[in-house]
Amino acid sequence: MKILITGGAGFIGSNLVRLLVTKYPSYKIVNLDNLTYAGNLKNLADIENAPNYQFVKGDICDADFIQNLFSQEQFNAVIHLAAESHVDRSISNPIAFVMTNVVGTVNLLNAARYQYQKADNVFQKFYHVSTDEVYGALGDSGMFTEETSYDPHSPYSASKASSDHFVRAYHDTYGLPIVISNCSNNYGPYHFPEKLIPLALHNIKNNKSIPVYGKGENVRDWLYVVDHARAIDLIFHKAQNGSTYNIGGHNEWKNIDVIRLLCDIMDEKLGRAPSTSQQLITFVKDRAGHDLRYAIDAGKLKNDLGWMPSVQFAEGLQLTVDWYLNNEQWLNDVTSGSYQHYYDEQYVKR
Ligand code: NAD
Ligand code: DAU
């Protein structure tokens, strides 16, 4: 089994690559990533020399490059994570999201479709990793199921919704074998510190203000990233062709409560007096079109495939805080931007 993972140098991608490379020594895992500001090969330093792992630097927006890569490598499957992933950036620069998330996805679909139609039984699955944000926002009650209508609000979620539609269209039109999962907010190691939890940890440590949008009343459903990777592994191997699964933590928190919790944990770990870090909380202008609440009903995944989150929030936050405190160099590199130069000549686009 030769699997192309796109976006494997990012947050979720690196956690997934690590899981698959170590769990399936007989698979060949090819990680295609363009190493944008969000991609970092140091995320995979511990497995970069594994015999069943290969890194390729390249842009999914480059259709010729993608077609050539598929012709050379004859992949059996794709797990597609490469994306522009930050909602705030999508509000400032929507076109980048259309290019990578929509055009990049369609380039991959075209290459996969060609390979699928060209040779019997070589190409087996196109797994598209998507988000719960395609469903829009919930009020105080209810949950997103796989039947919830799409209603994206931000340029990011609109681009992800569009990519989901293209993936289903390639299944319905060309018979391409596909599966899609829509997951809630992840947290854990290697999370880029522009997102809420790692940003807060970074700022608390450095005694900088923690920006809380609006009143901090927005609710997110948090899942430890390794549990997301486990779910992808399970769905990839067991889900029926054409199916969709929601993935979530059944773990809803208001942003302000998550921040207060992080402040308390950090005060304890850093030996600060109780409530010291909460003084850093600063309420700032709200995000435009800010979705009020996300909550995932992951019942289908539990009933069909037996998946449940294995890491509870209290434990996951402790693991996450410890990881950030023990990986100061990573955090400094990522925030200084120097890591973007951390790649060797062998990784230059071929
Ligand atoms: P991330 O921003 O940390 O990583 C994205 C990766 O994609 C980076 O390594 C980047 O270099 C790469 N990339 C970006 N543009 C590329 C291009 N044109 N060509 C090749 N590579 C490119 O993102 P993440 O948080 O790990 O999210 C991964 C996927 O999971 C995304 O598709 C996202 O929509 C989805 N998702 C994320 C979450 C979450 O909470 N982070 C939740 C649900 C779904
Ligand atoms: O739901 C899944 C999605 O979760 C993924 O598809 C996205 O890729 C991922 O970035 C995440 O989107 P969010 O917008 O929910 O994540 P973010 O960390 O940017 O924000 C979480 C919440 O915290 C949100 O309500 C906005 C708020 N926030 C965020 C930042 C960065 C703040 O209050 N202050 C901040 O500085």
Leading residue by the ranking (farthest from ligand 2 (Cβ to nearest atom)) among those in the stretch 83-97 that are in contact with a helix residue (DSSP H, G or I) (Cβ under 6 Å, 6 or more places away or on another chain) and not small (G, A, S): P94
Can you tell me which residue is nearest to E194 (Cα to Cα) among those in the stretch 37-47 that are free of Cβ contacts under 8 Å to residues at least 40 places away in the same chain and surrounded by 15 or more Cβ atoms within 10 Å (Cβ to Cβ)? G39
Could you grab the pairs with beta carbons closer than 6 Å, sequence gap of 6+ or different chains, first residue in the stretch 85-101 and under 14 Å from E194 (Cβ atoms) and β-branched (V, I, T), second one within 9 Å of ligand 1 (Cβ to nearest atom) and assigned to a helix (DSSP H, G or I)? V87/Y156
Determine whether the stretch 203-213 contains at least one residue that is under 21 Å from G13 (Cβ atoms) and surrounded by fewer than 19 Cβ atoms within 10 Å (Cβ to Cβ). no
Looking only at the stretch 37-67, which residues are farther than 28 Å from P25 by Cβ, out of contact with any helix residue (DSSP H, G or I) (no Cβ under 7 Å at 6 or more places or on another chain) and outside any loop (DSSP other than H, G, I, E, B)? D64, F65
Working only within the stretch 242-285, note down all residues that are small (G, A, S) and outside any loop (DSSP other than H, G, I, E, B). S277
How many residues does the stretch 114-163 hold that are more than 16 Å from G289 (Cβ to Cβ) and not in a helix (DSSP H, G or I)? 22
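Search the stretch 214-243 for residues being aromatic (F, W, Y) and surrounded by 21 or more Cβ atoms within 10 Å (Cβ to Cβ), and hand back the single one that is farthest from L41 (Cα to Cα).
W222
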Which of (1) β-branched (V, I, T); (2) surrounded by fewer than 22 Cβ atoms within 10 Å (Cβ to Cβ); (3) within 23 Å of the chain's Cα centre (by Cα) is the odd one out, the single condition T173 does not satisfy? (3)
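Could you list, in sequence order, the residues of the stretch 164-198 that are within 27 Å of L317 (Cβ to Cβ) and in a loop (DSSP other than H, G, I, E, B)? I'd like the intermediate steps shown before the answer.
Taking the stretch 164-198 and keeping what is within 27 Å of L317 (Cβ to Cβ), we get 181-198.
Residues satisfying the conditions are S184, G188, P189, Y190, H191, F192, P193, E194, K195.
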From the residues in the stretch 106-133 that are surrounded by fewer than 21 Cβ atoms within 10 Å (Cβ to Cβ) and among the hydrophobic types (A, V, I, L, M, F, W, C), which one is nearest to ligand 1 (Cβ to nearest atom)? V106
Only one of F144, F65, F75 is in contact (Cβ under 8 Å) with a residue 24 or more places away in the chain, within 17 Å of S181 (Cβ to Cβ) and buried (at least 17 other Cβ atoms within 10 Å of the Cβ); which? F144
Could you go through the stretch 264-271 and let me know if any residue there is within 26 Å of the chain's Cα centre (by Cα) and not small (G, A, S). yes
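Here's a check for you: in the stretch 2-26, which residue that is basic (K, R) and assigned to a helix (DSSP H, G or I) is nearest to H80 (Cα to Cα)?
The qualifying residue nearest to H80 (Cα to Cα) is R18.
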Of the numbered conditions (1) more than 20 Å from K125 (Cα to Cα); (2) touching a residue at least 12 places away in the same chain (Cβ under 8 Å), I3 fails exactly one; give the number of that condition. (1)
Qualifying positions in the stretch 180-191 - near ligand 2 (Cβ under 9 Å from one of its atoms), more than 15 Å from N255 (Cα to Cα) and touching a His at 6+ places or on another chain (Cβ under 9 Å): C183
Output for the stretch 271-313, where each listed residue is under 22 Å from K195 (Cα atoms) and among the hydrophobic types (A, V, I, L, M, F, W, C): L280, I281, F283, V284, A288, L292, A295, I296, V311, F313
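A short reminder: the numbers here are calculations on the coordinates, not readings from a lab. Keep in mind that this is a model prediction, so the values were computed, not measured. Glycine gets a Cβ as well: all are built from the backbone with ideal geometry, and neighbour counts include every protein chain shown.
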